[in-house]
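Encoded as structure tokens, the structure appears first; notes follow it.
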Amino acid sequence: MAENDLILNRLFTQNVFFDMVYTHFNSTYFSIIRRYIKDPENKDNRTLISEVYEYMCENYRNEYVYQNTLLNKLLVSKHRLKNTTALTQIPISKSKADFILINGKAVVYEIKTELDSFDRLSTQLRDYYKAFNHVCVVTSESQYERALEKLKGTPVGVYVITSKNTISKKMCKEPEEDNSQLDYTTIFKVLHKVEYEAILLKYFGKLPTTSQAFYFTECLKWFSQIPILDAYNLAIKQLKRRNQIEISEFSEIPVGLKSLIYFSQPSKSDWLAIKDFLTEKMEDEQYVFPIPSRQTI
């Protein structure tokens, strides 16, 4: 890995991508295209981004490549978009979950690329089990044995992203269910207000009547009266309703952008702008004047 490859960490982010989509100029984007793409002129953005992503898959497999592989192989290929939900960067206690997939069950995937260390892994796993009962570490082929040894005797699963950017069927340890560490407060804090209110209405048929200053605490108190597994399952059902994507539009997105677009939750205007951007060519964009950004539309 070249030190200069660090700039690639900034490319597949919502800030850079939507800056390009809506203003047609972003210094990071153009710097990367000039550095990594041979003869970019007359290539549309779909092609340019795909070629950069191919380079990353072969030479710089950062967290985005792993996350995008998980989304493409587990959500898009294995499960149905309509019946499955993926979440990312969800705060859980003092950690943030890299990737959560919710179908019949919910699984937290902690990504440890060949660029990462396992230094914080024990703390992260401890936090995740407070809110979810299935946890899996996703790592590289070179770190598989180390991960197995570190997680020996635990319910934590291990998945490997191969050098061909697939999920290995041979180097694999499936996660086992563990409900022993589930914690009411941690689960509750993962939920949005509308989600925990829906749970309380469903279970108790009403919501607490109290001042706004004490409303959160009172809702948590009520939530903690539900048997823990019932509370957990009700929470998972609410989380599964997040990130509903327009399937027909999503199918047209190039593989390298799937994760970025899925988690950005595009509006109707976003979809139109994304389509236009992907078909535009580099030489065309040099002469386009900036228009309002996504945030101001």
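The values are calculated or read from the model by the stated rules, or taken from the named source; none is laboratory data. Quantities reported herein were computed from a predicted structural model and do not represent experimental measurements. Methodologically, a virtual Cβ is constructed for each residue, glycine included, from the backbone with ideal geometry; neighbour enumeration extends over all protein chains shown.
Residues in the range 52-73: is at least one surrounded by fewer than 21 Cβ atoms within 10 Å (Cβ to Cβ) and either within 16 Å of V156 (Cβ to Cβ) or among the small types (G, A, S) (or both)? No: the range 52-73 contains no residue that is surrounded by fewer than 21 Cβ atoms within 10 Å (Cβ to Cβ) and either within 16 Å of V156 (Cβ to Cβ) or among the small types (G, A, S) (or both).
Residues that are closer than 19 Å to S163 by Cα and part of a strand (DSSP E or B) are absent from the range 88-105 altogether. Against the condition surrounded by fewer than 18 Cβ atoms within 10 Å (Cβ to Cβ) and either closer than 30 Å to N9 by Cα or at pLDDT below 95 (or both), how does E149 come out, does it pass? When the stated conditions are applied, E149 passes them.
Of all residues in the range 165-208, those that are touching a strand residue (DSSP E or B) at 6+ places or on another chain (Cβ under 7 Å) and assigned to a loop (DSSP other than H, G, I, E, B) total 2. The residues of the range 16-33 that are surrounded by fewer than 16 Cβ atoms within 10 Å (Cβ to Cβ), over 17 Å from I274 (Cα atoms) and touching a residue at least 12 places away in the same chain (Cβ under 8 Å) amount to a single one, S31.
The condition (being outside the structural domain of S267 (by TED's automatic domain parsing) and either in contact (Cβ under 8 Å) with a residue 40 or more places away in the chain or assigned to a helix (DSSP H, G or I) (or both)) is satisfied by just one residue among L48, L70: L70. Note on the range 222-261: residues that are assigned to a helix (DSSP H, G or I) and in contact (Cβ under 8 Å) with a residue 12 or more places away in the chain amount to 22.
Quick grid of which residues meet (1) surrounded by 17 or more Cβ atoms within 10 Å (Cβ to Cβ); (2) farther than 16 Å from Q238 by Cβ; (3) within 11 Å of the chain's Cα centre (by Cα):
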position	(1), (2), (3)
V76	yes, yes, no
K82	no, yes, no
T88	yes, yes, yes
S93	yes, yes, no
I100	yes, no, yes
A106	yes, no, no
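Close Cβ contacts (under 7 Å, 6 or more residues apart or on different chains) running from residues in the range 209-221 that are in the same structural domain as K189 (by TED's automatic domain parsing) to residues that are surrounded by 14 or more Cβ atoms within 10 Å (Cβ to Cβ) and outside any helix (DSSP H, G or I) comprise Y215/P208; E218/P208; C219/P208. Filtered by the rule that a residue be crowded, with 18+ Cβ neighbours inside 10 Å and either polar (S, T, N, Q) or touching a Gly at 6+ places or on another chain (Cβ under 6 Å) (or both), the range 34-45 gives a lone residue, N45. The single condition among (1) at pLDDT 95 or above; (2) surrounded by fewer than 18 Cβ atoms within 10 Å (Cβ to Cβ); (3) over 22 Å from the mean Cα position of the chain (by Cα) that F223 does not meet is (2). Scanning the range 11-59 for residues that are closer than 25 Å to E252 by Cβ and among the basic types (K, R), we see that the one that is modelled with the lowest pLDDT is K43.
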